[in-house]
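One structure is given below, encoded as structure tokens.
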Amino acid sequence: MKYQVVIGLEVHTQLTTDTKIFCGCPTRFGAQPNSQTCPVCLGFPGALPVLNQQVVEFAIKAGLATDCSIAPRSVFARKNYFYPDLPKGYQISQFDLPICLNGHLDIEVEGEKKRIGITRIHMEEDAGKLVHADIPGVGDNSCVDLNRACTPLLEVVSEPDMRSPDEAIAYLKKLHQIVVYLGICDGNLEEGSFRCDANVSLMPVGSKVFGTRAELKNINSFRFIKQAIEYEMERQAEILDEGGRIIQETRLFDPNTGTTRSMRGKEEAHDYRYFPDPDLVPVIIDDAWIDRVRATLPELPEAKRARFQSELGLSEYDAEVLAASRELAHYFEEALALFGQPKAVANWVMGEMTRALNEDGKGIAECPVTPALLAQLLQLIDKGTISVKIAKTVFDEMYKTGKEPAGIVQEKGLLQVSDSGAIEAIIDEVLQKEAGQLAEYRSGKDQLFGFFVGQVMRASKGKANPALVNELLEKKLKG
């Protein structure tokens with residue numbers, strides 16, 4: 001390759017506060033257009049913003065989770081620009097004195113670990129939304145919905161440390177996982193709760209001087225972000241190969257064509273004419289406040305994965321899957337507290353549980369099989385009351401009905417057969433029926449043992465105790 005890509009990301013995470021950052025309007029998604037507004041978020045003259053304290057605490061959480069320094073004093077600024085859905089004509093954000101500075105996230109791509117720097121995390125308000133619609137009797141129109149105006153955001157700005165689309169996606173997925181774990185963002189990409197601007201440039205391989213960047217604006221899908229970066233790399237390489245010059249600009253990604261198109265010239269900081277917002281006092285944060293917030297932090301995914309491996313003896317893969325979501329990890333640990341065999345619980349959570357939820361398109365929070373019910377099922381297997389095969393049938397019934405496993409076993413007559421005489425009778429019947437296979441086994445085809453086990457289990461409708469079947473069958477075959 002002639003060129004090395006340089007990628008920096010700006011991620012906007014919408015916070016899960018009940019009200020907006022500077023007023024008491026609700027932040028619910030999907031409400032009627034312009035039904036969640038007031039003079040403050042509409043920017044009426046004389047309306048004064050009041051900072052939502054929870055936004056500050058969420059910002060501190062994000063900073064602590066990404067190893068940022070928390071500024072003892074941060075200041076809100078006015079970022080001046082015109083856009084139809086920005087009613088004040090400026091956005092309240094932070095500029096030279098943000099709340100969090102100099103953090104990092106560690107990622108892993110193809111077995112290689114890398115540290116990605118985080119320049120800053122700052123608080124700001126969101127703009128509204130333009131809705132392009134065909135209105136009967138009027139025609140194509142652009143309508144303004146200001147429900148989202150003044151919704152609280154954290155902007156997480158990375159260093160330009162990523163050198164491939166895969167590194168960018170690894171960074172984004174890890175950041176997404178952290179903010180959802182913290183409970184400060186719902187992470188819903190489709191609703192725009194987690195969206196990204198990507199700054200992409202090329203430089204000759206071996207060079208230390210970055211090329212001119214293009215900013216890819218407001219992409220809300222990991223797949224689209226990767227596609228947009230890959231296309232932009234190809235576009236810029238083609239221009240450079242032809243002796244052309246890259247223009248610094250903002251570009252939009254079209255998911256239908258997989259291409260980017262020019263939106264406007266890229267602004268620099270001075271174009272926004274930042275100045276401190278005269279209506280908002282500086283945010284002062286002391287060590288005691290930081291300590292109070294730190295005490296509320298959950299165990300984060302990386303620490304949870306390490307603990308699952310070191311304390312519970314789970315494999316790296318199992319720990320990765322179970323720690324992927326806070327809800328899934330919580331479910332696993334609740335079930336484990338009731339049935340203390342980590343591998344058995346992990347297998348059922350990652351196996352039957354995940355299969356059923358995926359088929360229904362549900363999350364773990366909607367699962368009708370509670371941790372207590374799953375633990376009861378595993379106890380029945382452990383006691384030999386039912387076999388693993390029967391347990392899967394019982395689980396399916398639990399999932400459909402929410403009933404306790406013992407009741408299902410009793411109701412459907414699924415108790416495991418552990419009576420030696422009954423199992424021997426089934427074995428004798430199978431060996432008599434499969435006389436040809438029996439002769440082959442006794443002539444040296446030992447691999448047929450599994451065949452006979454399967455036939456006995458089938459004849460018992462899965463109820464025979466598998467360990468006892470193996471023991472008795474081995475004796476019979478030798479005889």
Residue in the stretch 159-177 that is surrounded by fewer than 18 Cβ atoms within 10 Å (Cβ to Cβ) and closer than 25 Å to PHE22 by Cβ present: no
Residue identified as in contact (Cβ under 8 Å) with a residue 40 or more places away in the chain and either surrounded by 15 or more Cβ atoms within 10 Å (Cβ to Cβ) or of a type in the set (Phe, Trp, Tyr) (or both) among ILE219, ILE246: ILE246
Subset tally (residues that are farther than 29 Å from ASP106 by Cβ and of a type outside the set (Gly, Ala, Ser)) for the stretch 127-179: 18
Residue in the stretch 399-416 that is part of a helix (DSSP H, G or I), surrounded by 14 or more Cβ atoms within 10 Å (Cβ to Cβ), of a type in the set (Asp, Glu) and modelled with pLDDT of 90 or more present: no
Residue within the stretch 295-313 that is assigned by TED's automatic domain parsing to the domain that holds VAL394, among the aliphatic types (A, V, I, L, M), without any contact (Cβ under 8 Å) to a residue 40 or more places away in the chain and surrounded by 15 or more Cβ atoms within 10 Å (Cβ to Cβ) present: yes
Looking only at the stretch 436-479, and only at residues there that are crowded, with 17+ Cβ neighbours inside 10 Å and among the hydroxyl-bearing types (Ser, Thr, Tyr), the one that is farthest from LYS392 (Cα to Cα): TYR441
Verdict on ALA329 being more than 19 Å from LEU175 (Cβ to Cβ), among the aliphatic types (A, V, I, L, M) and at pLDDT 95 or above: no
Test: residue in the stretch 358-370 that is in contact with a Lys or Arg (Cβ under 9 Å, 6 or more places away or on another chain), surrounded by fewer than 20 Cβ atoms within 10 Å (Cβ to Cβ), not in a loop (DSSP other than H, G, I, E, B) and not β-branched (Val, Ile, Thr): no
Options GLY444, GLY454; residue that is free of Cβ contacts under 8 Å to residues at least 24 places away in the same chain and not in a helix (DSSP H, G or I): GLY444
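Listed here are the residues, each with its yes/no results for (1) closer than 18 Å to GLY187 by Cα; (2) assigned by TED's automatic domain parsing to the domain that holds LEU172; (3) surrounded by fewer than 19 Cβ atoms within 10 Å (Cβ to Cβ).
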| residue | (1), (2), (3) |
| --- | --- |
| LYS20 | yes, yes, no |
| CYS23 | no, yes, no |
| GLY30 | yes, yes, yes |
| CYS38 | no, yes, yes |
| ILE70 | no, yes, no |
| TYR83 | no, yes, yes |
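The values are calculated or read from the model by the stated rules, or taken from the named source; none is laboratory data. Worth saying up front: this structure is predicted, and the values here are computed from it rather than measured. Glycine gets a Cβ as well: all are built from the backbone with ideal geometry, and neighbour counts include every protein chain shown.
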